[in-house]
Amino acid sequence: MSAHAVRTEGLSMSYGDKQVLHGVDLAIPAGEIVALLGPNGAGKTTTMEILEGFRGRSAGSVSVLGEDPQTAGEAWRSRIGVVLQHWEDHANWRVGEFLRLLHDHYRPFGDAWDAEELLAAVGLESQRDTPIKVLSGGQRRRMDLAAGLIGRPELLFLDEPSNGLDPVSRRDFQELVAKLNRDLGVTILMTTHDLHEAERLADRIVVLIGGRVLAEGTVAALSEEMGERAEVRWTEDGRRRIERSADPLDLIDRVRARCGGTVADLEVRRSSLEDTYLAMVARALAGETLRADEEDEADPAPSEERR
């Protein structure tokens with residue numbers, strides 16, 4: 001596999017007169033977990049479908065595992081796994097028999113995962129004879145993940161992987177995804193609206209807004225880029241104090257000097273991904289409003305005489 005599992009340059013997509021992607025550049029190294037974040041309508045689904053080979057593009061170059069998804073064949077498709085947000089096509093199949101069917105499909109292309117081994121890996125051994133339609137929500141997502149993994153993919157696409165799961169099932173599913181990456185080296189590109197999930201799993205974050213990459217990097221790097229400040233809490237002279245600072249260590253040193261070296265009830269809360277992401281989206285939307293206002297002023301509506 002090449003150094004980069006995914007690389008796009010100038011990726012653009014239009015539906016008629018509506019352009020939904022504007023020159024998207026992505027570079028995802030092999031072995032990373034990357035979370036693609038953005039509000040509804042940002043272009044995440046279109047980007048994922050182009051990378052998965054389900055949709056063509058209007059312009060730009062795309063390389064996924066060294067091939068163009070638009071022209072790649074079945075051998076390339078066997079190297080990727082896709083876990084959709086909703087997948088209801090095989091509800092009457094039993095878990096084990098469905099995975100065995102998929103195993104037989106993938107086997108000509110390489111080392112497909114044995115169905116029984118995969119059932120054990122995703123924690124569905126006791127559900128092998130259960131119809132898929134009666135699985136619980138957490139079991140169903142494990143089943144979807146097993147279907148995406150059966151071909152032993154090098155690259156796994158996850159669309160809202162833990163959507164609708166209860167907290168325990170969500171935690172278990174996230175641990176399973178992290179294990180796949182850690183133990184098997186599977187590269188993972190995921191979309192999610194669960195910012196805690198993205199912060200927990202992803203090595204890097206890519207923020208897509210209005211069909212453009214607004215920012216990318218680690219959570220810490222994005223926080224620094226946005227100028228987000230840590231929140232420091234402590235008790236001094238019997239009063240609870242709260243202060244935000246871009247350099248919390250310097251603030252703590254100053255407080256210690258005032259308090260004689262001991263700071264009571266000290267807490268430091270660094271900006272979360274949610275803090276940074278919401279600030280980023282708000283700033284982007286404010287910028288769009290400002291540009292719209294400027295355009296209105298530069299090109300006023302025609303007067304009655306000009307109409």
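The values are calculated or read from the model by the stated rules, or taken from the named source; none is laboratory data. Note that the coordinates shown come from a computational prediction; the quantities given were computed from them, not determined experimentally. Note: ideal-geometry Cβ built from the backbone for every residue, glycine included; neighbour counts use all protein chains shown.
Key figures for this structure:
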item: Subset tally (residues that are in contact with a strand residue (DSSP E or B) (Cβ under 9 Å, 6 or more places away or on another chain), assigned to a helix (DSSP H, G or I) and of a type outside the set (D, E, K, R)) for segment 252-269; result: 2
item: Residue match in segment 27-43 (condition: of a type in the set (Asp, Glu), more than 16 Å from Phe157 (Cα to Cα) and touching an Asp or Glu at 6+ places or on another chain (Cβ under 8 Å)); result: no
item: Scope segment 150-169; condition surrounded by fewer than 22 Cβ atoms within 10 Å (Cβ to Cβ) and either under 19 Å from Glu125 (Cα atoms) or at pLDDT 85 or above (or both); matching residues; result: Arg152, Glu154, Leu155, Glu160, Pro167, Val168, Ser169
item: Residues located in segment 142-166, provided they are assigned to a helix (DSSP H, G or I) and within 24 Å of Gly43 (Cα to Cα); result: Asp144, Leu145, Gly148
item: Among the candidates Val83, Val95, residue that is under 22 Å from the mean Cα position of the chain (by Cα) and of a type in the set (Val, Ile, Thr); result: Val83
item: Boolean, Gly138 is assigned by TED's automatic domain parsing to the domain that holds Leu84 and either basic (Lys, Arg) or in contact with a Phe, Trp or Tyr (Cβ under 8 Å, 6 or more places away or on another chain) (or both); result: yes
item: Residue within segment 226-242 that is assigned to a helix (DSSP H, G or I) and either within 26 Å of Ile28 (Cα to Cα) or not acidic (Asp, Glu) (or both) present; result: no
item: Given (1) surrounded by fewer than 20 Cβ atoms within 10 Å (Cβ to Cβ); (2) touching a residue at least 24 places away in the same chain (Cβ under 8 Å), number of the condition Leu51 does not satisfy; result: (1)
item: Answer residue from segment 1-58, given it is basic (Lys, Arg) and closer than 24 Å to Arg77 by Cβ and is nearest to the chain's Cα centre (by Cα) among those; result: Lys44
item: Residue identified as touching a Lys or Arg at 6+ places or on another chain (Cβ under 8 Å), in a strand (DSSP E or B) and in the same structural domain as Gln174 (by TED's automatic domain parsing) among Val20, Val24; result: Val24
item: Failed item, numbered, when Ser169 is tested on (1) free of Cβ contacts under 8 Å to residues at least 40 places away in the same chain; (2) assigned to a loop (DSSP other than H, G, I, E, B); (3) of a type in the set (Gly, Ala, Ser); result: (2)
item: Helices (runs of 4 or more DSSP H) wholly inside segment 29-115 containing at least 1 residues that are modelled with pLDDT of 90 or more and of a type in the set (Phe, Trp, Tyr); result: 74-77, 95-106
item: Complete set of residues in segment 196-212 that are of a type in the set (A, V, I, L, M, F, W, C) and under 14 Å from Arg283 (Cα atoms); result: Val207, Leu208, Ile209
item: Counted residues, segment 254-269 - those being in contact (Cβ under 8 Å) with a residue 12 or more places away in the chain and surrounded by 14 or more Cβ atoms within 10 Å (Cβ to Cβ); result: 5
